[in-house]
Structures are given as structure tokens and as C-alpha cells.
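Data block below; observations after.
The values are calculated or read from the model by the stated rules, or taken from the named source; none is laboratory data. All values derive from a computational prediction rather than experimental measurement. Because the Cβ atoms are built from the backbone with ideal geometry, glycine has one as well, and the counts that use them run over all protein chains shown.
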Amino acid sequence: MYADLTEQLRVREQQGLRRHRLVLESPQATQVTIEGRQYLSFCSNDYLGLANHPALIKSACEGAQRYGVGAGASHLINGHSSAHHQLEDALAHFTAFPKALLFSTGYMANMGTVTALMGRGDEIFADKLNHASLNDAALLSRARLIRFPHLNLSVLEQRLACSKARRKLVVTDAVFSMDGDSVPIKPLVALCETYDALLLLDDAHGFGVSGRQGRGSLFTSETDACHSPNVIYMATLGKSAGVSGAFVAAQAEIIETLIQTARSYVYTTAAPPLLSHTLLTSLKLIEQDEWRREKLIAYIDQLKKGLSAARWRLMPSASPIQPLLIGSTEETVQMSRTLREQGILVPAIRPPTIPQGTARLRISLSAVHQPEDITRLTDALRQLG
């Protein structure tokens, strides 16, 4: 067995697919320290720059003093703190859903939701570029998995129309994590209502950034009033919210079903209450700090203009995720390595995370970047070209 594993790792290394962890010696920020050297980072999903915010640090300390460090038990034993409960109420109100339920991670939220609601005899319809957690959840549910081409609602409608399943569920990212593009939510919700399908919308990369006051992809001008009873909304709290965890918001019957039967909720120790206490502060900052989203819009525009004449093209994205399509895995890895030598961190994304031939540099922007940071990156990329 060990010989097989060694050979697999050797092949992965040879193909340029072996990943290596960077060990940060500083807080998450646009300037980070690794092995004693400072780098300008375009790696983080901390889109609003809250991960090291003084108000959140203060709240975390207050939460630790009030609730201690660990929850000590699962939610259904006696690990469900008043901090958890307050945050669930606040998230339901913030996203305009009847109820919300906390999970320890987005992966666990998707896994628990899909497997609790779907089973043999049901059908799940999934965008081909969905996050791995949605794909894994669909497979584990034992429902029939039917995939449709990326953002192709015409094909999805054809497949929904042919379905005779007892229960139907459409699962999709709202903002796709490796491409940065967005699903057309309004027609998608209408489609699910027409064919009596539930819709699980994974807004991990939209929550805090998209919509009025950062309330998510359901609150944009094109999608407002899309709070259909068919929609199950999932968002993570370790990206724009700057802390950790995830939540699902939906109708009361859905949430109660998850409390009773979602295995990744029932059979795990609750997250530390101090994190929920901290996230209450985070929600306030997301709501009131419109300047953060305005900065992101400006930096996206600056990046696009700075790379308009570059050898490689940015993929279509209005989100803080700005992928620069290179194509070759080897060239992408080398570009990332060269940028790192210049003190700039931009991750190389390659198969199997994305399809063959679409290797890219995934540029992640933050509201706390500075204009000169964007200029430094675009100048370096143009020189590489």
C-alpha cells in the first residue's frame, strides 16, 4: 500500500499537481508573513478585510470571557449556546428567511442539507462546475445525480421536465469559486417553482459582497424578491464575514428537518460560542460598511483595465474572484512561483479542481487592498507576459 501511495505522490509531483501548504506567521491580511518574509497576498477569501478587524478581535475576547473556549457538546445535547441562538436569529433576519441554522463549515452545511432532504428515488440536478461539497453531498445522498452544462438553464429545464422523481433538488453555487461568474438567480428560481423543485443556493462567495448591505445574491437589483419557499440558502462565515462556520436559511419546516436529521449537524460538537458572539459584530460591519463593497468594485475595475492588454485574459467575473486564464498547468505553476519570488502571492489553480486545459491564476481582491497593490500586481503580470 505504501509503495502505491508513494508512486501516486510521485506522479502528482511530476504532473505539477502536488499541493504544498504555506504557513502564515501573521494574521490573515493583504500583507502576510511566511518564513520571515512579507508578501503581498491575493490569495484570501477575506473579501471585506474583516478577518483581522479590531472590533472582531475585541468581540472574540469578550465571547471567550463570557462563554469560554469550547462548546463541550453537540447542539442537541447541551452545546447550543445563547450565542448560537442569537446568531441564528440575526442571520435569518439579515437574509429575510423564516429560520436559519448554524453549521461548523460550509462543507458540513451542504453535506447535511442534501443528505437530510434527498435519498433513493429522488433526483438532484447539479451545475457541472459546482463546488466539491455539493457534488460529494449528492453522491452520499444516494439520489440520482443529473448534471447540466455550466449555467445552461435550457438543458436544466429539459431535464427537470423529464423527471418523475418523488423529490427534486437543484444545487448550484451562486458565485462560482474558481470562475467568479454568477448564476442567473431569478430565472433559476422561476424554473424551480414551475417544476416543483427545491433549490439549494450555495452563496459562499456572494454573502457579504453581493446585494443590498451585503445581504447576498438574493438581494441584487435583478433578484430582489426571489425569496421563494423553494429556496434553501447556504452561506459561509469564514470568507466575507471574516470568522468561521456556515449557515442554512430556509422555511421553518426545512430547518426543523435539518435539526432532526442532518448528520453533520446532529453528530458533531457545536462550534465555540465565542465565534457566534464575534459574528454578531461581523454582521453589523457587513451591513454598515458600504465603503468596503465600493472599494471592491473600484479594484475590480482597476485590475481589468491594468490587464486589458496583457497576454492572458481575465475570465468574465464581476466578483472579487478574478481568474487569469493561462491554460497550461506547467506555465501557471511557474508564473505563480515567479510572482512569489517577487513577493506577490497568487495561487495557481489546476486540475482536478478545474477542467484540464483551464489552469489559471486565481486573483482574490480585498476591500483593504490599496490601489498601489493592484498596480504592483498588474505591472508584474504584464512583465511576465
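In the list 141, 104, which residue meets the criterion of being small (Gly, Ala, Ser) and either outside the structural domain of residue 217 (by TED's automatic domain parsing) or closer than 20 Å to residue 216 by Cα (or both)?
Unique residue meeting the criteria: 104.
Identify all residues within segment 26-81 that are without any contact (Cβ under 8 Å) to a residue 24 or more places away in the chain and of a type in the set (Ser, Thr, Tyr); write none if there are none.
Selection gives 26, 33.
Which residue pairs have Cβ atoms under 9 Å apart, sit 6 or more places apart or on different chains, and have a first residue in segment 263-276 that is assigned by TED's automatic domain parsing to the domain that holds residue 72 and a second that is surrounded by 24 or more Cβ atoms within 10 Å (Cβ to Cβ) and charged (D, E, K, R)?
Matching pairs, first to second residue: none at all.
Does residue 321 meet the test of being outside the structural domain of residue 128 (by TED's automatic domain parsing), within 24 Å of residue 173 (Cβ to Cβ), surrounded by 15 or more Cβ atoms within 10 Å (Cβ to Cβ) and touching a strand residue (DSSP E or B) at 6+ places or on another chain (Cβ under 9 Å)?
For residue 321, the condition - outside the structural domain of residue 128 (by TED's automatic domain parsing), within 24 Å of residue 173 (Cβ to Cβ), surrounded by 15 or more Cβ atoms within 10 Å (Cβ to Cβ) and touching a strand residue (DSSP E or B) at 6+ places or on another chain (Cβ under 9 Å) - is met.
Which of the numbered conditions does residue 242 fail, given that it passes all the others? Conditions: (1) on the phi < 0 side of the Ramachandran plot; (2) buried (at least 23 other Cβ atoms within 10 Å of the Cβ); (3) in the same structural domain as residue 117 (by TED's automatic domain parsing); (4) in contact (Cβ under 8 Å) with a residue 60 or more places away in the chain.
For residue 242, the exception is condition (1).
Filter segment 364-385 down to residues that are over 22 Å from residue 209 (Cβ atoms) and not hydrophobic (A, V, I, L, M, F, W, C) and give me whichever is modelled with the lowest pLDDT.
Applying the filter and picking the extreme gives 385.
So, in segment 1-32, of the ones that are within 30 Å of residue 235 (Cβ to Cβ) and among the hydroxyl-bearing types (Ser, Thr, Tyr), which residue ends up surrounded by the fewest Cβ atoms within 10 Å (Cβ to Cβ)?
It comes out as 26.
Could you go through segment 151-171 and let me know if any residue there is over 27 Å from residue 353 (Cα atoms), modelled with pLDDT under 95, within 21 Å of the chain's Cα centre (by Cα) and not β-branched (Val, Ile, Thr).
No, every residue in segment 151-171 fails to be over 27 Å from residue 353 (Cα atoms), modelled with pLDDT under 95, within 21 Å of the chain's Cα centre (by Cα) and not β-branched (Val, Ile, Thr).
Just to be sure I understand, how many residues within segment 6-39 are assigned to a loop (DSSP other than H, G, I, E, B), basic (Lys, Arg) and modelled with pLDDT of 90 or more?
Matching residues across segment 6-39 total 1.
For a quick check of your reading: which helices (runs of 4 or more DSSP H) sit entirely within segment 40-126 and have at least 3 residues that are aromatic (Phe, Trp, Tyr)?
Where helices (runs of 4 or more DSSP H) fall fully within segment 40-126, none carries at least 3 residues being aromatic (Phe, Trp, Tyr).
Name the one entry in 290, 253, 294 that is free of Cβ contacts under 8 Å to residues at least 12 places away in the same chain, surrounded by fewer than 23 Cβ atoms within 10 Å (Cβ to Cβ) and within 18 Å of residue 206 (Cα to Cα).
Selected residue: 294, the only one of 290, 253, 294 that is free of Cβ contacts under 8 Å to residues at least 12 places away in the same chain, surrounded by fewer than 23 Cβ atoms within 10 Å (Cβ to Cβ) and within 18 Å of residue 206 (Cα to Cα).
So which of 74, 59 ends up being within 27 Å of the chain's Cα centre (by Cα), within 22 Å of residue 241 (Cα to Cα) and either of a type outside the set (Lys, Arg) or not assigned by TED's automatic domain parsing to the domain that holds residue 280 (or both)?
59
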